[in-house]
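Since every read-out is calculated from the coordinates, none of them should be taken as a lab result. Keep in mind it's a predicted model, so treat the numbers as computed, not measured. Every residue, glycine among them, receives a Cβ derived from its backbone with ideal geometry; neighbour counts consider all protein chains shown.
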Amino acid sequence: MMLKPYRLGALLLTLLVLPVMPSVPALAAPAALAGRGHTAAQISDFLIGFYGDHGPSVQDRENQVSQILKERQQVNEEVDVLLCAHDEPQDISVGPVTVAKTASVGWATVTTHWASGTTDTFTAYVRLDSSPIRLDDVICAG
């Protein structure tokens, strides 16, 4: 009478005989990312400074924006892709930042306030590993 199937016994024997590896790359990758990258507070500070009250400066647009957004702006000259708008807003507010370390990205909802009393929103994304920190993408709500 056999108490355990042969495969299970062989597996247990292998685990007992073989030395345990100190680090397994596939399992260590998420743990390695956990301590790296920008925090929610850093991303919030960046977005608040970047957008200011009326939108990013010319210098910020040149130095703190991903190449993808720069190229998108060249194709859409009539719309400011960083603000999802045609004009300069009266005021801008940045909502709470969410960080997804496994996706290596952080984001916040940005609200633009207009002289007419209306508001618009869009989502601003920052890669956690960007160095220096920069705006990686913007998704307009409407």
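Numerical summary
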{"read-out": "Cβ crowding within 10 Å averaged over residues, with 129-137, 71-79, 106-114, 40-48 ranked highest first", "value": "106-114, 40-48, 129-137, 71-79"}
{"read-out": "Percent of alpha-carbon pairs separated by more than 16 Å within the range 36-142", "value": "55"}
{"read-out": "Cβ-defined net charge surrounding Ile139, 15 Å radius [Lys, Arg +1; Asp, Glu -1]", "value": "-2"}
{"read-out": "Positive minus negative residues near Ala103 (Lys, Arg vs Asp, Glu; Cβ under 14 Å)", "value": "0"}
